[in-house]
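The values are calculated or read from the model by the stated rules, or taken from the named source; none is laboratory data. This is a predicted model, so every value here is computed, not measured. Note: ideal-geometry Cβ built from the backbone for every residue, glycine included; neighbour counts use all protein chains shown. We work out accessible area using only protein heavy atoms, side chains counted, and drop any ligands, DNA or RNA first. Shrake-Rupley method; radii C 1.70, N 1.55, O 1.52, S 1.80 Å.
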Amino acid sequence: MYYFVTYALLAVGVIASLIASVKLKSTFRKYSKVGNSRQMTGREAAERILRSAGIYDVQVEHISGDLTDHYSPNEKILRLSDSVYGSTSVAAVGVAAHECGHAIQHQEGYAPLKLRSLSVPLANVGSKLSWPIIVLGLAFSWYRVVDIGILLFAVVVFFQLITLPVEVNASSRALRVLEGNGILVDQELGGARKVLTAAAFTYVASLLNAIIQLARLLLIRNNRRR
Ligand SMILES: [Zn+2]
């Protein structure tokens, strides 16, 4: 029964992540084929949004790959991927505006973004070391070591938790600014909203997955100690 519960939990998390990722890819593909009426590329939209927000020190660059778009606060560089940078699609402009949302958060000193940036190094350590430490601890029945591993994993869960409001806020800023600047109109805005909502669900799924894994770890630990 106990094993069934832990594996069932795990399966729920994996399936949720899978569905969210497939949904994002299909929505992005769909709106990559819909051009925006102003024929603005992702790059042009990003530069326009940044200037309109009074941001002049952030560079917009191209990065290879798909859905690799991100804003780097340390470098003040906004990187747009193959299907965003030079594309005039609704999806491209939506993603570009989302990344601008992060740049604006950075400029405003938006607290959840600060907290997220601060927890990056610890979350990286946690995601690399938590499982080896937990496995080692379980193998030798060193429960103090298992607890340290679980604590490190909890940092990863916290990171996923703080990522969620940062991402949702960047998307709502993006949609506001796209509408306000008249970059997208009518149905185009609806398309961009669908792409950004699908992206948000991947973060919800990651968080769900991390919480399930944490619950599973606690179950395993308590079961072993008995
Ligand atoms: Zn984002």
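Remarks
- When Ile183 is tested against (1) farther than 20 Å from Ser83 by Cβ; (2) touching a residue at least 60 places away in the same chain (Cβ under 8 Å); (3) away from the ligand (no atom under 15 Å from the Cβ), exactly one condition is not met: (1).
- For the stretch 186-212, filtered to residues that are of a type in the set (Gly, Ala, Ser) and in contact with an Asp or Glu (Cβ under 9 Å, 6 or more places away or on another chain), the residue that is farthest from the ligand (Cβ to nearest atom) is Ala200.
- Conditions (1) open to solvent by 30 Å² or more (accessible area, probe 1.4 Å); (2) within 16 Å of the ligand (Cβ to nearest atom); number of the one not met by Leu129: (2)
- Listed conditions (1) in contact with a Gly (Cβ under 9 Å, 6 or more places away or on another chain); (2) not in a helix (DSSP H, G or I) are all met by Ala96, apart from (2).
- Scanning the stretch 35-58 for residues that are in contact with a strand residue (DSSP E or B) (Cβ under 8 Å, 6 or more places away or on another chain) and open to solvent by 60 Å² or more (accessible area, probe 1.4 Å) turns up just one, Arg43.
- Residues in the stretch 170-180 that are open to solvent by 30 Å² or more (accessible area, probe 1.4 Å) and within 11 Å of the ligand (Cβ to nearest atom): Arg173 alone.
- Each residue in the stretch 44-103 was checked for being on the phi > 0 side of the Ramachandran plot and within 14 Å of the ligand (Cβ to nearest atom), and 1 pass.
- Output for the stretch 157-187, where each listed residue is farther than 17 Å from Ser206 by Cα, of a type outside the set (S, T, N, Q) and either part of a helix (DSSP H, G or I) or in contact with a Phe, Trp or Tyr (Cβ under 6 Å, 6 or more places away or on another chain) (or both): Ala170, Arg173, Ala174, Leu175, Arg176, Val177, Leu178, Glu179, Gly180
- Taking the numbered list (1) among the small types (Gly, Ala, Ser); (2) buried (at least 18 other Cβ atoms within 10 Å of the Cβ); (3) over 20 Å from Leu67 (Cα atoms) in turn, Ala192 passes all entries but (3).
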